[in-house]
Structure formats: C-alpha cells, structure tokens
Amino acid sequence: MPNSAFPRLAFSALASNTHSKPNPATLPPRPPPSSSAMAASSAPLSFSASASSLPARLRLAAPAASCAATTRRRRPMVVRAKIREIFMPALSSTMTEGKIVSWAAAEGDRVTKGDAVVVVESDKADMDVETFYDGIVAAVLVPAGESAPVGAPIALLAESEEDVALAVAQAQALSSGQGQPQQQAPALSDAADSPPPPAAAPVAAAPAAVAAGTKGVATPQAKKLAKQHRVDLANVTGTGQFGRITPADVEAFAGIQPKPKVAPAPAAAPVAAASSVRAVPQAAVLPPVPGATVVPFTAMQAAVSKNMVESLSVPAFRVGYPILTDKLDELYEKVKPKGVTMTVLLAKAAAMALAQHPVVNASCRDGTSFTYNSSINIAVAVSIDGGLITPVLEQADKLDIYLLSQKWKELVKKARAKQLQPNEYNSGTFTLSNLGMFGVDRFDAILPPGQGAIMAVGASKSTVVADKDGFFSVQNKMLVNVTADHRIVYGADLAAFLQTFAKIIEDPESLTL
C-alpha cells in the first residue's frame with residue numbers, strides 16, 4: 001500500500017511546491033521508492049508533469065526563453081564581396097574621362113588598402129589612385145595609354161587567389177559586352193529590310209543579356225528610371241561606352257516605348273541649320289595640309305581648349321594702365337637673394353589691391369547674381385610641358401612675401417611634375433599672367449571661366465617720362481592690361497582697382513609689411 005500511494009504523494013508535493021515554494025531545508029526526507037513503484041508510475045508522472053503540472057508563469061517563460069535563444073542565434077549576415085572593381089575616379093570637377101598613364105601594380109600583384117595602384121592623367125595633373133581594399137589585381141581592363149570615362153571599371157580586384165580565375169572570367173565577360181553593340185550593329189541594319197529578322201533579333205540577344213548580367217556602371221538617369229520601374233540593373237546589358245547602362249537600356253529592358261519627338265522637331269530644324277552653317281567654315285579648315293602631322297590634344301590641352309571656348313560667351317572688356325616700376329625694381333634687387341620672385345611681388349600687390357576692391361575679386365557663375373569671394377586666391381598662369389596650368393596662392397593678402405615665395409616654389413615644383421591637387425589649381429578668384437620675363441611689352445589675356453578678372457603684365461622698359469613740372473627723365477615703365485567680366489565689373493570699378501594697384505607698385509614699401 002505505501003508503495004502504491006507514494007507516487008501520488010510525490011505528485012501532490014510537486015504541485016504544492018510550485019505555488020508555496022517552501023524552504024527545501026525544512027522538508028522531511030523521503031524514503032527511496034521501490035523499483036516496482038517507479039516502473040508503474042514513471043511514465044504517467046513524466047507526461048502529466050510536462051503538460052499540466054507546471055504553473056502559468058513557467059509555461060509562459062518557456063516560449064520566451066525559446067525566443068530569446070532564437071534571437072541570440074540570429075546574427076547579422078555579412079556579405080563579403082569576392083571580386084571588387086577599381087573605377088576611374090573623378091579627380092576634378094571638370095573631369096569627364098581619364099587616361100591611364102601607368103599601372104603601379106601589375107596583374108597578379110597583391111595590394112593592401114592605401115597602396116597606389118595606377119597613375120591617372122586628368123585634365124590638369126597626373127595623380128596616383130589608391131585602392132580602398134586588400135586583394136590581388138586579377139585583371140586590368142584599361143591598359144596604360146588608353147582612356148576611360150569617369151566611373152567606368154578599369155581593373156578587377158580579387159579577394160583571394162581562389163577568386164582570381166573568377167575575376168578573369170568576369171573581365172572577359174565585360175570585354176565581350178563592350179564589343180557586343182558593335183557586332184550587332186550590322187545585323188540590325190541588315191535586318192531593317194525584312195520584317196521577320198527583327199523578331200528573331202531580340203530572341204537571339206536574350207542569352208547575351210543574361211551572360212552580360214555583370215555589375216555594370218549606370219548613369220544617374222538610368223538609376224532613376226530603374227528605381228521608378230523596379231528594374232534590377234544587374235540584369236540589364238549596357239550599350240554605352242565600356243558597358244555603361246544608359247536610360248535607353250533601362251527603358252528597353254522594361255518594355256517602355258520611347259516617346260516620339262514630335263514637338264521638338266520644328267525647334268530642332270533651326271538648331272540643325274545653325275550647326276550646318278557653323279560646320280561650313282570648319283569643313284574648309286579641317287582637311288589637313290599634305291604632309292602635315294595631326295597630333296590629338298592631351299587631356300590638359302583639351303581642358304584648356306574647352307575653357308577658352310567657354311570664355312567666349314562672357315561679355316568681357318579690357319582696360320590698360322601704365323605703371324612706373326623704378327622703386328619696385330629696387331625692392332626686387334633687395335629681396336631676390338632671399339628667394340622672392342617678381343611674380344610673387346606682383347601677386348602680393350594684386351591681392352592687396354583686391355582687398356580694397358572686392359567686386360573685382362567677385363564672379364558671376366549663374367548669370368543672374370554676384371558671388372563675392374571671402375578669400376583672395378591669386379592664380380598664376382604657368383607654362384608646363386604640354387599645356388598650361390594656374391597654381392593658386394591662397395590667402396595671398398594675408399601672407400608675407402617670404403611665405404608666399406616658399407609656397408610658390410612648392411606649387412611650381414608640383415606643377416612641373418603634374419602632381420598638383422585639384423584645390424591647388426581650381427580655387428583661384430583672380431588670375432595673374434606675367435610675360436614680362438620674355439620681353440613682351442603688352443598683351444591681352446583671356447578671362448578664365450568662373451572668375452571676374454585676369455591681369456596681363458608686360459615687361460618693364462626704360463621710357464622717357466615727363467613729370468608734372470615739364471621736366472623729362474628716363475624711368476622704367478610697364479603696361480598692365482586687365483580683362484574683366486562686364487556683368488559684374490564696370491569700367492569705373494576696374495579703373496579704381498588699377499589706380500590702387502599702381503600706387504602699391506610705385507610705392508612698394510607696404511609689400512614688405
């Protein structure tokens with residue numbers, strides 16, 4: 001009887017303990033159950049205790065603990081790219097494409113983050129391009145001497161040696177994708193005569209689109225259209241240069257018919273007519289002279305040409321002013337042994353004059369407003385091998401001539417080596433061009449885009465001068481011509497600036513303060 005009643009007592013004790021929670025030390029010791037009692041009651045006890053004997057608090061805590069364990073097991077998934085693309089960077093605000101000068105890392109070389117892997121020629125300088133990742137240079141897509149647009153892939157970087165083969169295959173797919181539009185062009189032109197072939201052309205192009213589903217570079221407008229129409233750019237084949245995805249590619253993938261250009265047709269006719277009129281004189285000049293050699297522009301020469309053409313749209317005017325330079329020449333002889341050049345003295349004088357006439361240091365960037373610059377940054381034109389560049393002396397009005405000379409030497413050295421940073425040649429607010437060292441007595445300079453004025457300085461030469469009393473003497477004189485943007489700088493403004501500049505040059509003691 002005790003053996004058969006013991007399990008029931010044990011169960012009731014378990015049920016009561018879950019509510020009252022007595023101290024285990026106060027409970028009386030229990031005799032060990034017999035083997036028959038345990039065999040008869042173990043199964044029911046296990047089932048009932050797990051199903052109904054646990055209180056509500058414990059039954060609710062069990063799912064919560066399970067959820068907590070599940071939450072702990074869930075870790076953020078980290079996706080690590082095996083192959084990364086090295087893109088053509090934008091080294092300046094005006095750069096649209098870059099030329100590969102040389103590769104510092106060859107295929108198969110292992111590089112680390114921060115290493116210079118390639119030297120790129122921008123429109124103003126040659127700059128080292130660093131990698132942002134560790135890896136192996138698996139494939140070079142653009143060899144030295146060739147150009148690529150900004151944002152286009154120029155090399156593939158593999159994470160490990162096992163991924164090199166995959167990167168090489170991806171490079172071959174990208175190169176085949178670049179040649180695909182040229183190969184399909186004759187087929188499309190031949191198929192225009194008969195209706196059946198165009199229907200078969202998209203079917204034949206479908207496998208190529210899947211094969212070319214690599215990571216391509218899309219234009220901003222193409223990305224916007226892809227987001228609007230929910231198109232995955234990974235599945236779109238780019239037909240632009242170097243496989244670049246264009247808006248037309250996104251529209252074609254989404255099945256969107258291009259809008260017919262009916263309304264702009266009348267307006268396009270005058271434009272076409274105007275371009276044809278302009279093309280007539282160009283056609284008479286374009287044919288080369290027999291025996292002549294045609295050499296294309298470098299990136300820097302193309303940038304200079306583009307800026308000069310843009311400057312023709314600015315309504316500019318020119319004002320000249322004669323200045324006596326005897327005292328300036330004496331000061332130059334004193335400071336020349338200390339490394340101060342005449343260009344630095346002229347830049348310092350111009351900066352001091354601009355501080356008194358801020359409108360000449362201003363610019364008109366949108367055609368409707370003045371932009372007054374808080375800093376006086378003097379850009380000085382420097383001729384280098386294969387082009388022209390304007391290193392900038394920043395805060396020239398706040399630095400003495402010795403600090404300016406030291407900074408100028410560093411800028412010229414970097415300019416000769418084509419190592420100027422963008423902020424060292426595109427932050428000028430006023431430009432100085434000095435040809436006096438070549439014996440040029442006068443010349444006019446072309447206004448750079450985005451600036452209000454440029455000063456052209458000629459050589460200082462001995463001239464017979466009559467003073468206010470009518471006495472003649474021989475003094476040194478130079479001619480200065482300033483070209484200014486007439487939208488913001490008027491004739492009286494420029495004349496007042498030149499008067500201030502002449503006073504500083506003719507009494508240059510303030511330059512040494």
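The values are calculated or read from the model by the stated rules, or taken from the named source; none is laboratory data. All of these numbers come straight from a predicted model, not from anything done at the bench. In this analysis, Cβ positions are derived from the backbone assuming ideal geometry, glycine residues included, and neighbour counts consider all displayed protein chains. Side chains are part of the model used for accessible areas, which takes the heavy atoms of the whole protein and leaves out ligands, DNA and RNA. Shrake-Rupley method; radii C 1.70, N 1.55, O 1.52, S 1.80 Å.
Name the residue that is farthest from ALA316 (Cα to Cα), counting only residues in region 482-498 that are open to solvent by 10 Å² or more (accessible area, probe 1.4 Å) and in contact (Cβ under 8 Å) with a residue 12 or more places away in the chain.
Quick first cut of region 482-498, residues open to solvent by 10 Å² or more (accessible area, probe 1.4 Å) only: 486-487, 490-493, 495-496.
So of that shortlist, the ones also in contact (Cβ under 8 Å) with a residue 12 or more places away in the chain come out as 486-487, 491, 493, 495-496.
Details: HIS486: 5, ARG487: 8, GLY491: 11, ASP493: 14, ALA495: 15, ALA496: 17 Å.
Looking at the filtered set, the residue picked out is ALA496.
Looking across region 126-170 at every residue that is closer than 16 Å to PRO89 by Cα and polar (S, T, N, Q), the one that is surrounded by the fewest Cβ atoms within 10 Å (Cβ to Cβ) is identified as SER147.
Number of residues in region 430-454 that are out of contact with any helix residue (DSSP H, G or I) (no Cβ under 8 Å at 6 or more places or on another chain) and at pLDDT 90 or above equals 14.
Taking region 412-468 as the search range and keeping residues that are among the acidic types (Asp, Glu) and within 37 Å of the chain's Cα centre (by Cα), which one is surrounded by the fewest Cβ atoms within 10 Å (Cβ to Cβ)? Full working, then the answer.
Restricting attention to region 412-468, the residues satisfying the condition of being among the acidic types (Asp, Glu) are 424, 441, 444, 467.
Next, only the ones that are within 37 Å of the chain's Cα centre (by Cα) stay: 424, 444.
Details: GLU424: 23, ASP444: 14.
Going through the qualifying residues, I end up with ASP444.
From the set of residues in region 79-124 that are within 19 Å of LEU166 (Cβ to Cβ) and at pLDDT below 80, which is most open to solvent (accessible area, probe 1.4 Å)? Taking the candidates together, the pick is ARG80.
Among THR325, THR298, which is the only one that is assigned by the TED database to the domain that holds ILE401 and surrounded by 10 or more Cβ atoms within 10 Å (Cβ to Cβ)?
On the way: THR298 fails: assigned by the TED database to the domain that holds ILE401.
Matching residue, one of THR325, THR298: THR325.
Scanning region 228-252 for residues that are modelled with pLDDT of 80 or more, more than 27 Å from VAL168 (Cα to Cα) and open to solvent by 60 Å² or more (accessible area, probe 1.4 Å) yields ALA248, ALA252. Do you know which residues across region 237-256 are closer than 21 Å to ILE154 by Cβ and part of a loop (DSSP other than H, G, I, E, B)? THR237, GLY238, THR239, GLY240, ARG244, THR246, listed by residue number. If the condition is being within 21 Å of ALA492 (Cβ to Cβ), touching a residue at least 60 places away in the same chain (Cβ under 8 Å) and in contact with a Phe, Trp or Tyr (Cβ under 9 Å, 6 or more places away or on another chain), then region 350-381 contributes ALA350, MET352, ALA353, LEU354, GLN356, HIS357, VAL359, VAL360, ASN361, ALA362, SER363, CYS364.
Just one of the listed residues (SER473, SER510) is farther than 18 Å from GLY320 by Cα, of a type in the set (Gly, Ala, Ser) and without any contact (Cβ under 8 Å) to a residue 12 or more places away in the chain, and it is SER473. Within region 328-339, does at least one residue satisfy the condition of being open to solvent by less than 100 Å² (accessible area, probe 1.4 Å), of a type in the set (Gly, Ala, Ser), modelled with pLDDT of 90 or more and assigned to a loop (DSSP other than H, G, I, E, B)? The answer is yes, given that some residue of region 328-339 is open to solvent by less than 100 Å² (accessible area, probe 1.4 Å), of a type in the set (Gly, Ala, Ser), modelled with pLDDT of 90 or more and assigned to a loop (DSSP other than H, G, I, E, B).
Every condition in (1) assigned to a loop (DSSP other than H, G, I, E, B); (2) farther than 27 Å from ASP444 by Cβ is met by PHE297 except one, and the failing one is (2).
Just wondering, is there one or more residues in region 474-488 that are among the β-branched types (Val, Ile, Thr) and either touching a Pro at 6+ places or on another chain (Cβ under 6 Å) or in a helix (DSSP H, G or I) (or both)?
Taking region 474-488 and keeping what is among the β-branched types (Val, Ile, Thr), we get 474, 480, 482-483, 488.
Pick out the ones that are also either touching a Pro at 6+ places or on another chain (Cβ under 6 Å) or in a helix (DSSP H, G or I) (or both) and you get none.
No - not one qualifying residue is present in region 474-488.
Is it true that some residue in region 215-223 is open to solvent by 50 Å² or more (accessible area, probe 1.4 Å) and modelled with pLDDT under 60? Yes: one or more hits. Among the residues of region 382-411, those identified as touching a residue at least 40 places away in the same chain (Cβ under 8 Å) and under 21 Å from the mean Cα position of the chain (by Cα) are ILE389, THR390. Among residues of region 301-321 being more than 30 Å from GLY98 (Cβ to Cβ) and surrounded by 13 or more Cβ atoms within 10 Å (Cβ to Cβ), the one that is nearest to the chain's Cα centre (by Cα) is ALA316.
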